[in-house]
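Structure, as structure tokens:
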Amino acid sequence: MLILAKAVLALMIGFILSVAFGFILIPFLRKLKVKQQVSVFLAKTHKEKEGTPTMGGLIFIVPTLLTILILLLMGKINFSENLFIVIFVFVGYALLGFLDDFLIIKRHNNEGLTEIGKLFGQLFIALLFFYIFMKSGNEPMFDIHTLGIKIDMGWFYGIFLLFILVASSNAVNLTDGLDGLAGGLSVMAFLAFGMISWNSSWVAGSEDIAIFCFVLVGSLMGFLVYNTYPAKVFMGDTGSLSLGATLASVAIITSHEITMIIVAGVFIIETLVCIAQMISVMYFHKKIFLMAPLHHHFEKLGFHERDIVKGFWIVGALLAMAAIAFGVWL
């Protein structure tokens, strides 16, 4: 019962602080003219979103960090190396996304960091993650705890971790194209990993990581107050890169990389659609989909944005429930 009470309290604090911070931040972003630049290739309905404030990821990033700091100072959670790693990734990728958003706003177009520059930044933070992770006494072991499978991957484990972090951050970034889509899916993903982390008793600081996840879920729910259709603010790369990488870091620390494939199923499908579309255009000069990522394909088919988001949320919720069953119960 204490576990449930802690989870609910973490959710509540994150939600209240996020709603309050968003109420203050959004008018400030408008005043600074921190506006979203809409691509000319998107559906006509997106043109009305031109000028909507971006960098809204701060609405859930700042309250989450503030809440964790308060809980640490109050002694309600314990500081551990694994919690530090998660927070490091959370902040590191947020700063990278912030820089990308800042350059887009400054240049008044959709050209922020170059693809190479962004990838280099993601890899650099991922390398630091791997260094801290290994220095914390973790082994280069691919551990499917649910199935009792352990594989010593040696030096290849570093490449494996880099791939997961970079792929996950980009997957959420690609999915962030409709009002509330990436935010809602992230709520379900982190809620699932909060429960999975709490059950990962063999991991040092697992309960503290779980509380971090629940605080982030509450903060994301507060963000969705402003981000659901019609969105008053977009999360930008500041939020999307951070969410994807943080989800991957929690999965790695709790040895639930396979479970993450289930939890992040929608994000993965969105990414695979982009890859398939790119390969088809480059080598066969044909489009498989009307537009990539997948949510834009459904827009081109005539589906309303709200209906697409609802459909993706339902799939995300089902996958999250399946992941909890696999990672905790079974």
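None of the figures in this text is laboratory data; all of them are computed from the coordinates on show. Predicted model only: the values in this text are computed from it and were never measured. Cβ placement follows ideal geometry from the backbone for every residue including glycine, while neighbour counts extend to all protein chains displayed.
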Highest-first arrangement of 90-102, 157-169, 57-69, where packing means the average Cβ count within 10 Å: 57-69, 90-102, 157-169
Cα to Cα, under 17 Å, and not fewer than 8 places away if on the same chain: which aspartates and glutamates meet these conditions relative to K287? E270, E299
Sites matching trypsin sites (Lys or Arg not before Pro) across segment 264-316 that sit in DSSP coil, with at most 13 neighbouring C-beta atoms within 10 Å: K286, K287
Expressed as a whole-number percentage, the relative contact order of segment 167-318 with C-alpha contacts under 8 angstrom and at least six residues apart is 33
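Would you please give the FRET efficiency between R107 and F28, computed as 1/(1 + (r/R0)^6) with r the Cβ-Cβ distance and R0 = 22 Å, to the nearest 0.05?
0.55
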The chain, helix-only ellipticity at 222 nm - DSSP H runs n ≥ 4, -39,500 (n - 2.57), divided by all residues, nearest 500: -23500 deg cm²/dmol
Could you run the Karplus curve 6.51 cos²θ - 1.76 cosθ + 1.60 with θ = phi - 60° over segment 11-17 and give me ³J(HN,Hα) per residue in whole Hz, x for Gly and Pro? 4, 5, 4, x, 5, 4, 5
Using a 7 Å offset from the Cα along the Cα-to-Cβ direction at both H285 and L72, what is the distance between the two label points in nm, to one decimal? 5.7
Taking the Cα centre of the chain as origin, sum charge times position over the Cβ atoms of Lys and Arg (+1) and Asp and Glu (-1), and report the length of that vector in debye to the nearest 20. 880
From the mean inverse distance of alpha carbon pairs (Kirkwood) and the Cα radius of gyration, derive Rg over Rh for segment 80-200. 1.00
Report the gain in length on full extension from W202 to F163: 0.36 nm times residue separation, minus Cα-Cα distance, nm rounded to one decimal. 11.6 nm
Could you grab the relative contact order for the chain? Cα pairs under 8 Å, six or more apart, rounded to a whole percent. 27
Report which label in (1) 89, 22, 16; (2) 30, 24, 19; (3) 26, 22, 20 holds the value of semi-axes √(5λ) of the Cα gyration tensor in Å derived from the coordinates of this structure. (2)
My understanding is that a pair violates if its Cα-Cα distance is over 21 Å; which of K232/K310; K49/K300; K33/K310; K35/K232 do that in this structure? K33/K310
Setting aside same-chain residues fewer than 8 positions from K76, which aspartates and glutamates have a Cα under 14 Å from its Cα? E207, D208
Sequence order, segment 75-89: Karplus ³J(HN,Hα) from phi using 6.51 cos²θ - 1.76 cosθ + 1.60, θ = phi - 60°, Hz rounded, Gly and Pro as x, gives x, 7, 10, 9, 7, 9, 4, 5, 5, 4, 4, 4, 5, 4, 5
